[in-house]
1. Of all residues in region 103-124, which are away from the ligand (no atom under 11 Å from the Cβ) and touching a Phe, Trp or Tyr at 6+ places or on another chain (Cβ under 8 Å)?
2. Quick check on region 126-146. Is at least one of its residues closer than 23 Å to residue 7 by Cα and either within 8 Å of the ligand (Cβ to nearest atom) or assigned to a loop (DSSP other than H, G, I, E, B) (or both)?
3. Looking at 94, 120, 64 in this structure, which one is closer than 17 Å to residue 155 by Cβ and hydrophobic (A, V, I, L, M, F, W, C)?
4. Give the number of residues within region 35-53 that are aromatic (Phe, Trp, Tyr) and either surrounded by fewer than 16 Cβ atoms within 10 Å (Cβ to Cβ) or modelled with pLDDT under 95 (or both).
5. In the list 25, 35, which residue meets the criterion of being among the hydroxyl-bearing types (Ser, Thr, Tyr), more than 14 Å from the chain's Cα centre (by Cα) and within 16 Å of the ligand (Cβ to nearest atom)?
6. Take the conditions closer than 17 Å to residue 16 by Cα and exposed (fewer than 15 other Cβ atoms within 10 Å of the Cβ) and apply them to residue 32. Does it pass?
7. Looking at 67, 103, 56, 74, can you tell me which residue is small (Gly, Ala, Ser), exposed (fewer than 14 other Cβ atoms within 10 Å of the Cβ) and at pLDDT 95 or above?
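The values are calculated or read from the model by the stated rules, or taken from the named source; none is laboratory data. The structure presented is a predicted model; accordingly, all values stated were derived computationally and were not measured. Methodologically, a virtual Cβ is constructed for each residue, glycine included, from the backbone with ideal geometry; neighbour enumeration extends over all protein chains shown.
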Amino acid sequence: MNLIVYTPKIEDLWFREMLLGDPETMSYNSAWGGTIPFPKEKQNDWYDFWIINHDGNDRFYRYLLEGNSNEFVGEIAYHFDKQKGIYLANIIILAKYRGKGYGEKGLSLLLQAAKENGCLEIYDAIAADNPSIKMFLNMGFAIEYSTKDIVMVRKVL
Ligand SMILES: CC(C)(COP(=O)(O)OP(=O)(O)OC[C@H]1O[C@@H](n2cnc3c(N)ncnc32)[C@H](O)[C@@H]1OP(=O)(O)O)[C@@H](O)C(=O)NCCC(=O)NCCS
């Protein structure tokens, strides 16, 4: 494995469109409708918001690139949630690449980037039925609270 944190170029957004449109990849999101459309006409604004004008440390978004095969395998992100006053993390690995350690490695790369950018702690709101909670606990997150819908996990960086 040679996992690289890669800043997508606008012409790389086909991968995000494919990732979010893949039913198997997005089944974890079934409570909120599963796949998410990310059509070309939304991509310029999205790119501007997440990659160009990311408001200092408010938004961070990268692809995970497997350097050995030169293939994109997933995405990592965090953003500052102004309402909650906390940083929230996101990670998605394309379904066909799961179970090979990319999730844990990608999450550790995300935590490293967040720490380098000055985040002191990071949270994730995980759907209550999402088995990926195990990965977060493996990586040193602790459960802050749970509701019937989500488990909120937190890690000090
Ligand atoms: C969560 C996710 C990123 C894990 O990716 P991955 O590449 O399969 O993760 P890894 O191979 O590094 O495995 C990490 C650990 O978590 C466990 N795990 C991760 N996802 C799991 C799942 N869906 N079901 C059961 N166990 C899972 C693995 O068993 C492994 O633990 P172990 O090493 O103790 O056995 C991937 O399943 C995914 O993209 N899910 C959809 C998005 C999501 O749920 N993101 C998290 C909330 S933002």
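1. Result: 113, 114, 117, 119, 121, 122.
2. no
3. Going through 94, 120, 64 in turn, the sole match is 120.
4. Here the count works out to 2.
5. 35
6. No, not satisfied.
7. 67
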